[in-house]
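Worksheet: the structure to be examined is printed underneath.
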Amino acid sequence: MRRRYSRGVATKRRYDDGCGVALAMDVLGERWSVLVVRDLLLGPKRFTDLQAGLPDISPNVLSQRLRDLQTTGVLRVRTLPRPSASRVYELTEWGAELEPIVMALGLWGSRTPVMRREGEMRADSLMLSLRSAFTSQDERGWTANYEIHIGSDMFSVRIAGDRLAEMARGQSATPADAIITTDNKTLGMLVNHEEPTDAAVESGRLTLAGDVAAARRFLTAVGL
């Protein structure tokens, strides 16, 4: 196979096309690359966390994709402070610019007329779906902080000025006004409008704590 060289690193299957779309595909065209980016949009992850979110990828392939994305400047490796001292992967500033592109791909793919939706949506994908579905409620002054627990995963969300201002993995330094707890399957059903919110609450698979009115306001804003 012919190899092209860029910055001293061998790359495969270059398009030899100066178009920005072709250049983007040179960076992201390998299988799994876009999904790795997707799973880093809400914050850094360790190698094992990435592997858990992409269970069908082999460790060798994941390692190669991470090296490729690091070489092309999409992500970087950072060591967390002690006592953790874990190595995590995170998007660079340039890599983070992929967020609206990945979100648009998700919306486009969800409307496919020919492919069945198969496989379980995992926590990061579900949270990104909530972000893309968020609709302003025209309530000036709506400011609230949320914790969303999906199985063992936790995310923080901040609403400010009737806008989804922040969504990130982990606990926020600001105490949550409302806590929403559920599981992947239930939230996936809610996202896909396969079950009403009240039914999930009544079954105990969706619990709302703290300011329940604020929790319901958030669920309404994301179309659940």
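Would you confirm whether any residue within segment 121-131 is exposed (fewer than 15 other Cβ atoms within 10 Å of the Cβ), at pLDDT 90 or above and within 26 Å of A173 (Cβ to Cβ)?
No.
Give segment 147-191 a look and list any residue that's part of a loop (DSSP other than H, G, I, E, B) and within 16 Å of V222 (Cα to Cα), or say none.
Those that are part of a loop (DSSP other than H, G, I, E, B) and within 16 Å of V222 (Cα to Cα): G161, D162.
If you take just the strands (runs of 3 or more DSSP E) that sit entirely in segment 1-89, which of them hold at least 1 residues that are at pLDDT 95 or above and within 21 Å of A104 (Cβ to Cβ)?
Where strands (runs of 3 or more DSSP E) fall fully within segment 1-89 and carry at least 1 residues being at pLDDT 95 or above and within 21 Å of A104 (Cβ to Cβ), they are 75-79.
If a residue must be free of Cβ contacts under 8 Å to residues at least 12 places away in the same chain and of a type in the set (F, W, Y), how many such residues does segment 87-115 contain?
Here the count works out to 1.
Please identify the pairs in which a residue from segment 192-205 that is in a helix (DSSP H, G or I) has its Cβ atom under 8 Å from the Cβ atom of a residue that is surrounded by 15 or more Cβ atoms within 10 Å (Cβ to Cβ) and at pLDDT 95 or above, counting only partners at least 6 apart or on another chain.
As it stands, the answer is T197/L206; A200/T182; A200/L206; V201/L208, since those pairs meet every condition given.
Return yes or no: is A209 more than 20 Å from M103 (Cα to Cα), of a type in the set (G, A, S) and either at pLDDT below 90 or surrounded by 18 or more Cβ atoms within 10 Å (Cβ to Cβ) (or both)?
The answer is no for A209.
Tell me, please, whether a residue that is among the aromatic types (F, W, Y) and assigned to a loop (DSSP other than H, G, I, E, B) can be found in segment 102-115.
Checking segment 102-115: not a single residue is among the aromatic types (F, W, Y) and assigned to a loop (DSSP other than H, G, I, E, B).
The values are calculated or read from the model by the stated rules, or taken from the named source; none is laboratory data. Here the structure is a predicted model, which is why all the values come from computation and not from measurement. Neighbour counts run over all protein chains shown; Cβ positions are idealised from the backbone, glycine included.
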